[in-house]
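FYI, it's all coordinate maths here, none of it is from the lab. Keep in mind it's a predicted model, so treat the numbers as computed, not measured. Note that each Cβ is placed from the backbone with ideal geometry, even for glycine, and that neighbours are counted across all protein chains shown.
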């Protein structure tokens, strides 16, 4: 009987120690990995997120206002306005590019590729009478984007212009 009491006492002590001290050993107890998982006190971010606590979307490095130089085959738009890149419905891999091709009301959706430096503009309606498609990439300086795109006549599908831009963040 005495051995049973000893075993029971040791079991209870171990159980109490495990329950009361496990929080002390939990390195993730006070770590909130917003868009990731905490492992041994370190956040491991979901794809598309960075930061100590996975708080920053990688796509946000593209956001901003850009001045640019361009070379187009057919049309030159006088008074080039800055191009804006901004959020698209809080999506981790889609952004809006506004005022491409000199039209301040035009918006193109661009999808970030898996390397998080390149993006693609799938063929889409760009305005009342045009469609656009293209691709671009962020330079290592994180302030320059190289972008090439084509403009098509929406009615007949013919390419009406092709442009290469070097965009510099203001």
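Assorted remarks:
- Cα centroids of region 46-60 and region 117-170: 25 Å apart.
- Neighbour counts of C-beta atoms inside 10 Å place 116, 128, 62 in the sequence 128, 116, 62, starting with the fewest.
- Contact order relative to length of region 60-169, as percent, for alpha carbon pairs under 8 angstrom and 6 or more apart: 24 percent
- Kirkwood Rh, Cα atoms: Rg over Rh of region 68-140: 0.96
- Full-stretch length increase - residue 96, residue 118 - with 0.36 nm per residue and alpha-carbon distance subtracted: 6.5 nm
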